[in-house]
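Reading through the structure tokens given below for one structure.
The values are calculated or read from the model by the stated rules, or taken from the named source; none is laboratory data. Since we're looking at a predicted model, the values are computed, not measured. All Cβ positions, even for glycine, are placed from backbone atoms using ideal geometry, and neighbour counts span all protein chains on display. Just so you know, the surface numbers come from the protein's heavy atoms only, side chains and all, with ligands and any DNA or RNA stripped out. Shrake-Rupley method; radii C 1.70, N 1.55, O 1.52, S 1.80 Å.
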Amino acid sequence: MLIIAKEPVPGRVKTRLTPPYTPAEAAALAEASLADTLHAALAMPARRRVLVLDGRPGPWLPPGFEVVGQCDGGLDERLAAAFAACRGATLLIGMDTPQVTPALLAPALSPGRWHDCDAWFGPAADGGFWALGLAEPDPELLRGVPMSTATTGAAQRRRLTDAGLRVRDLPVLRDVDTAEDAVLVASDAPGGRFARTLARLSSRATAR
């Protein structure tokens, strides 16, 4: 299992949350989102758990993960390189969906769920994707796919089907990009670190 992430440093993560949040507050939300994602991954029966990180590990990283650096280049190249370093069925997720749970990941990670299936695809509400699983990791399935657009998910899924892969879909999830996203995602996972952090920041803003 791969988690691709950026170190939660103020000014480098979740910049679309500023305003209304300060860069430090946006980084705190990013850290909580990443921590929720990592703990969901820990609950899954993966043979390896690899954090593909832009930056350095911090106290938010629990035991149980290998850490490798991201390569240079666009997001398509970084995702491709992450898959290129793997052998066997591999599922990649990002750090922007803290509402992810073991139950949501189970279809792609439970024993036997790759029977008659070459790929798992998790579409995002903004038109991207939050999860991609490949039975045979092939970096060429990602290279050249336009990233960070409203049609990225459709283009990536089409790349899989055009290659003749049998694709199964995971549920649609919302990425945390804007303040509105943050509120909606927190309501989907009210017991998580992300929701608690958002509530704390909202209380602080109300008290100002």
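Could you state the accessible area per residue of the stretch 1-107 in Å², with a 1.4 Å probe and every protein chain left in place? Per residue, the stretch 1-107 has 42 Å² of solvent-accessible surface.
So, R0 is 30 Å and r is the distance between the beta-carbons of ARG196 and VAL9; what FRET efficiency does that work out to, to 0.05?
Calculated transfer efficiency: 0.90.
Please give the charge dipole size of the chain, origin at the Cα centre, charges +1 on K and R Cβ atoms and -1 on D and E Cβ atoms. Round to the nearest 20 debye.
Details: 23 positive and 23 negative charges, 98 e Å.
Value, rounded to 20: 460 debye.
Which residues does a label at ARG49 reach in the stretch 97-130, if reach means a backbone N under 18 Å from a point 7 Å past the Cα toward the Cβ? Only 97-111 pass the distance filter.
Each Cα pair under 8 Å and six or more residues apart adds its separation to the average, and for the chain the resulting relative contact order is 22 percent. Principal-axis analysis of the Cα atoms of the chain puts helix 75-84 at an angle of about 50° to the longest axis. For the stretch 1-100, the Cβ-based charge dipole about the Cα centre amounts to some 220 debye (Lys, Arg positive; Asp, Glu negative; other atoms uncharged).
Which semi-axes, in whole Å and largest first, does the equivalent ellipsoid of the stretch 24-99 have when worked out from the alpha carbon gyration tensor as the square roots of 5 times its eigenvalues? Before the final figure, lay out the partial values.
Numbers: eigenvalues 80, 55, 25 Å².
Calculated on Cα positions only, the semi-axes equal 20, 17, 11 Å.
Subtracting the Cα-Cα distance of TRP60 and ASP169 from 0.36 nm times their residue separation leaves 36.2 nm of extension gain. Just to be sure I understand: if I project the alpha-carbon convex hull of the stretch 129-208 onto a plane and average over all orientations, what area do I get in nm²? Reported value for the Cα convex hull: 7.1 nm². In the stretch 86-208, the DSSP beta bridges split such that about 70 percent are antiparallel, to the nearest 5. Evaluate the Debye formula for the stretch 74-179 with equal point scatterers sitting on the alpha carbons, no solvent, and hand back log10 of I(q)/I(0) at q = 0.10, 0.20, 0.22 Å⁻¹, in q order, two decimals. For the stretch 74-179, the Cα-only Debye profile gives -0.25, -1.07, -1.30. Extension gain, ALA106 to SER187: 0.36 nm times the residue separation minus the Cα-Cα distance gives 27.0 nm. Three principal axis extents describe the C-alpha atoms of the chain; from largest down they are 56, 32, 30 Å. Placing unit charges on each Cβ (+1 for Lys and Arg, -1 for Asp and Glu) gives the stretch 133-175 a dipole about its Cα centre, and among THR161, THR151, LEU134 the Cα reaching farthest toward its positive end belongs to THR151. Bridge orientation summary for the chain: considering DSSP beta bridges with both residues in this region, about 40 percent are antiparallel.
From the Cα gyration tensor of the stretch 9-59, with a ≥ b ≥ c the square roots of its eigenvalues, which class applies: rounded if a/c is under 1.5, or else prolate if a/b is larger than b/c, or else oblate? The partial results should precede the final answer.
Numbers: a/c = 3.28, a/b = 2.20, b/c = 1.49.
Here the stretch 9-59 falls in the prolate category.
Size of the stretch 52-92: Rg and Dmax of its alpha carbons, in Å, are 11.4, 30.
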